[in-house]
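A.B. asks: Below are the structure tokens for one structure; questions will follow.
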Amino acid sequence: MNLQTINDVLHKHGMRVTPQRIWIYNYLVENKTHPDAESLYCMLLNDGCNATRATVYNVLQRFLKCGLISEVKTDVARTRYDARVETHGHFMCNRCHAITDFDIDNLSVSGLDGFETQQKEIYFSGVCDKCKNNSKQGEQDNEKICM
């Protein structure tokens, strides 16, 4: 995402443009890794952008409040963040803990008549293709060794 587009998005949501806000928003848009605040803080410092942990947390909370990002609550130990705010699902691998977005078509729910839905979260877990294939490769390697 280019700098002008990020500036426009931040201004549209009533925010001052700061290097930290630009960096965090751009990172979340460009990288689909769903990082937590601590990971963002460390990556921001590694890129030479000056910030405190409090700044990172405050920026994330401001982005959440404005609807620029969403929380991904697939991991009980930490909250992760996603710049994709339209309804979609998340799959978390039980082995590598990577989170993958997936699209949802025709979400149909029953039993909530009269309820006011304020948030929808769709979360699946299991083993991703990469880990599944690595396990199969490891099994094949073990079979070769045992022969």
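The values are calculated or read from the model by the stated rules, or taken from the named source; none is laboratory data. For clarity, every value in this text was computed on a predicted model and none was experimentally measured. Using ideal geometry, Cβ is built from the backbone for each residue, glycine included, and neighbour counts are taken over all protein chains shown. For accessibility, only protein heavy atoms count, side chains too; no ligands or nucleic acids. Shrake-Rupley method; radii C 1.70, N 1.55, O 1.52, S 1.80 Å.
A.B. asks: So what is the relative contact order for the chain, in percent, with contacts set as C-alpha pairs under 8 Å and at least six apart?
C.D. replies: 18 percent
A.B. asks: Further, regarding this structure: In the full protein assembly as shown, how much of E116 is accessible to a 1.4 Å probe, in Å² to the nearest 10?
C.D. replies: 150 Å²
A.B. asks: I've got another one for you. Return the FRET efficiency for the residue pair Q118, T18: r is the Cβ-Cβ distance, R0 is 25 Å, and the value is rounded to the nearest 0.05.
C.D. replies: The pair Q118/T18 has a calculated efficiency of 0.25.
A.B. asks: Working from Cα positions, state the angle (0 to 90°, nearest 10) between the long axis of helix 19-30 and the longest principal axis of the chain.
C.D. replies: Helix 19-30 sits at roughly 40 degrees to that axis.
A.B. asks: Report, to the nearest 10°, how far helix 3-12 tilts away from the longest principal axis of the Cα atoms in the chain, using its own Cα long axis and a range of 0 to 90°.
C.D. replies: In the chain, helix 3-12 runs at an angle near 60 degrees to the longest axis.
A.B. asks: Run lengths n ≥ 4 of DSSP H only: what is the helix-derived mean residue ellipticity at 222 nm for the chain, with -39500 (n - 2.57) per run over all residues, to the nearest 500?
C.D. replies: Helix-only estimate at 222 nm: -13500 deg cm²/dmol.
A.B. asks: Any idea how far the Cα center of segment 103-133 sits from the one of segment 46-101, in Å?
C.D. replies: So the two Cα centres are separated by 18 Å.
A.B. asks: If you fit an axis through the alpha-carbon atoms of helix 37-46 and take the longest principal axis of the Cα set of the chain, what angle between them do you get, 0 to 90°, nearest 10?
C.D. replies: Helix 37-46 sits at roughly 80 degrees to that axis.
A.B. asks: Continuing with the same structure: Given a 1.4 Å probe, how much area per residue of the chain is accessible, in Å²?
C.D. replies: 67 Å²
A.B. asks: Here's something else I'd like to know. In segment 26-147, carbon and sulfur make up what percent of the accessible area (probe 1.4 Å)?
C.D. replies: Using a 1.4 Å probe with all protein chains present, segment 26-147 comes out at 47 percent carbon and sulfur.
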